[in-house]
Amino acid sequence: MAKQKVMLRLLPLLLLFSSSLRTCSGDGGGTPVQLFIQCLTNAVHAPNLLALPNTASFNSALLSSFQNQRSLLSPDAAKPSVIVSASSESHVQATVSCARAANLDIRTRSGGHDYEGMSYTAARSVTGGNAPFITLDISALRSISFDATRATAWVQAGATVGELYYAIGKKSAALAFPAGICPTIGLGGHFSGGGIGTLTRKFGLSADNILDARIVDAQGRLLDRKAMGEDLFWAIRGAGSAGFGIAVAFKIRLVNIPPVVTTFNVVRTLRQNATGLVARWEEIAHEFDTNLFVRVIAQASKESDGTETIQITFNSFYLGRREELLAVALRSFPELGLTAADCTERSWLESTLFFNGDAGKPAETFLDRKPASNSSFKGKSDFVKVPIGAGGLENIWRFMMEAATEEPMVLILEPFGGKMSEIGEDAIAFPHRKGNLYNIQYFMRWFETEEAAIQKHLEWMRKLYAFMAPYVSGEPRAAYYNYKDIDLGRNVEGKGTSYSSARVWGEKYFKGNFKRLAAVKSKADPGNFFWNEQSVPPQKPAAAA
């Protein structure tokens, strides 16, 4: 019945699109971009839907939510030929149908946080050219509606993490949702790629708490969970949706939390036994009470006398009051020496501001979607299964301090265990579960715009990644899809990319789930319409792969 309702809702749209597509595929000629524009303007009568290059509206649309300046500065990056700013889910359907008819690629942007800028730029081909493509901006699809009796919500994919947190916090002080820390991240990419955050050990990933979704497929159909089928619903929870369709909304399960939580930052340097504390954290953090989240942030710094050092911040919170936290910390991690003075009681919504460095600011801060700065960054990731130990950590600190004169590197270590160890590797497409002590994000931000400076920063990050190889997971060396890293490999053969060649990077992100993902892709999008540099290709027979 649900599938029938979805399809009935589509009939008027499909009739309209079929007329537009006949126009688009007629003998009138024109470039693919011209055919697309003609098709879309015939199908959708909406002002300000399209932005074309060399216009003020195009630059405004392109820069409205881009988070990584490097992506636009690179000489190897191509910009979109058209930007479509959808304000309804039917606009998304029309865009897909017209792009398919005009043989144009689509890249979808919700928050603009793709680590390699793949939502609004494309890597030029090995021959130096590039096919024209459309950027579909869905940031206006941001409605959030609650079902209080069932503690669920439908959220559109263009909403941000901050907008979701704000809406939940204003609805109830006893409800929350497990998602990331940065408030301007779009939910479309974040949820579909996994969604790691402060509540992960207690409740799992964002993707673990998605109950239903609406996605536009390669035929322009709007499908819910029942209509898309369990295989596709499995794939878009952890492997991203951009290679399978365009996710426009998610039904999520809200989680119960106490009305008061407690946050703390404990900062230590090498002279204050920072190495010993991190080594101990490695051994025990995955076994902490699931109400306690303690992540580690490491960066080069200086002691008061100017001596080079490493500053470690234990950036943390507890689902409960200060007195409870102090008792748990004394039992679980006495070496840290946590005191009442280190701790601050807050609401959960206030704690999300704390983790973003906005403690004390009003909750409305989360409604600001503008990029924080015109800067560039590069990120990479790893998973750790065996403690690195004090000796290995000292080697890492030395590398970071030697690089500090050139590059401001940051390592963020987030503990696993808890709920993450209870969910199977193949429950959803995200595979990094039991056996992982923690994940590492390597992060570097800079403000220079010259190509030589950009390449220097990227090379330092690659050196750090190579240096870390002995200390992290292997066979494959695993990576987190939401910290996308083009250095792991890319689809360079266009839509004919083979399954076997894509395994080079695909099994790093998805491990044993990559094979099933390729099989799902073969059914959901056999023509590989939804393609990008790191989209899962359709599976092909071994002889042809």
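The values are calculated or read from the model by the stated rules, or taken from the named source; none is laboratory data. Values in this document were obtained by computation on a predicted structure and should not be read as measured data. So basically every Cβ, Gly included, is an ideal-geometry build from the backbone, and we count neighbours across all protein chains shown. Surface areas here come from the heavy atoms of the whole protein model, side chains and all, with no ligands, DNA or RNA. Shrake-Rupley method; radii C 1.70, N 1.55, O 1.52, S 1.80 Å.
Things worth noting here:
- Whole-number Å³ per residue for the convex hull built on Cα positions in the stretch 194-264: 101 Å³
- With all protein chains kept in place, the per residue accessible area of the stretch 400-545 amounts to 40 square angstrom at a probe of 1.4 angstrom.
- Cut-off 12 Å between beta-carbons: net charge of the residues surrounding MET461, Lys and Arg +1, Asp and Glu -1: +2
- The long axis of helix 499-510 is offset from the longest Cα principal axis of the chain by roughly 40 degrees.
- The Kirkwood hydrodynamic radius of the stretch 460-538, based on inverse pair distances between different Cα atoms, is 13.3 Å.
- Annotation: lysines with alpha-carbon distance below 19 angstrom to LYS540 (same-chain offsets under eight excluded): LYS495, LYS511, LYS515, LYS521, LYS523.
- Average silhouette area of the stretch 163-310, convex hull of alpha-carbon atoms, in square nanometres: 11.8 nm²
- Counted by Cβ distance under 12 Å from ASP217, the other residues give a net charge of +3, where Lys and Arg count +1 and Asp and Glu count -1.
- For the chain, the longest principal axis of the alpha carbon atoms and the long axis of helix 451-467 meet at an angle near 60°.
- For ARG445, net neighbour charge (Lys/Arg +1, Asp/Glu -1) across residues whose Cβ lies under 13 Å away: 0
- In the chain, helical runs assigned H by DSSP with n ≥ 4 each contribute -39500 (n - 2.57); averaged across all residues and rounded to the nearest 500, the mean residue ellipticity at 222 nm is -10000 deg cm²/dmol.
- Grouping the Cα pair distances of the stretch 28-78 into 10 Å bins from zero gives a pair-distance distribution of 20, 39, 32, 9 percent in increasing distance order.
- Dipole magnitude for the chain: about 1480 debye, using +1 per Lys or Arg Cβ and -1 per Asp or Glu Cβ, origin at the Cα centre.
- Computed over the Cα atoms of the stretch 409-456, pair by distinct pair, the Kirkwood hydrodynamic radius stands at 13.4 angstrom.
- Calculated P(r) tail over 29 Å for the chain, as whole % of Cα pairs: 53 percent
- Taking the stretch 369-487 and dividing mean pair separation by its residue count, relative contact order in percent (alpha carbons under 8 Å, at least six apart): 44 percent
- Cα gyration tensor shape of the stretch 338-409, rounded if a/c is under 1.5, else prolate or oblate by comparing a/b with b/c: oblate
- Principal axis extents of the C-alpha atoms in the stretch 128-227 (largest first, rounded to whole Å): 52, 32, 24.
- Residue-normalised accessible area of the stretch 336-385, given per residue in Å² at a 1.4 Å probe: 41 Å²
- Global geometry of the stretch 293-441, whether rounded, prolate or oblate, following the gyration tensor of its Cα atoms and the 1.5 cut on a/c: rounded
- In units of the rule-of-thumb radius 2.2 N^0.38 Å, the stretch 58-162 shows an alpha carbon radius of gyration of 1.21.
- Protection proxy ranking of 96-104, 47-55 - average other beta-carbon atoms within 10 Å, highest first: 96-104, 47-55
- P(r) tail for the stretch 127-167: Cα pairs beyond 17 Å make up 49% of the total.
- Working from the Cα coordinates of the stretch 34-118, the gyration tensor eigenvalues give, after taking √(5λ), semi-axes of 23, 13, 13 Å in decreasing order.
- Dividing the convex hull volume of the alpha-carbon atoms in the stretch 299-350 by its residue count gives 114 Å³ per residue.
- For the chain, carbon and sulfur atoms together expose 53% of the accessible surface, with a 1.4 angstrom probe and every protein chain in place.
- Rounded to 10°, Cα long-axis angle of helix 513-524 versus longest principal axis of the chain: 20 degrees
- Reference-scaled alpha-carbon Rg (2.2 N^0.38 Å with N residues) for the stretch 396-545: 1.20
- Globularity index of the stretch 384-428 is 1.66 (Cα radius of gyration / 2.2 N^0.38 Å, N = number of residues).
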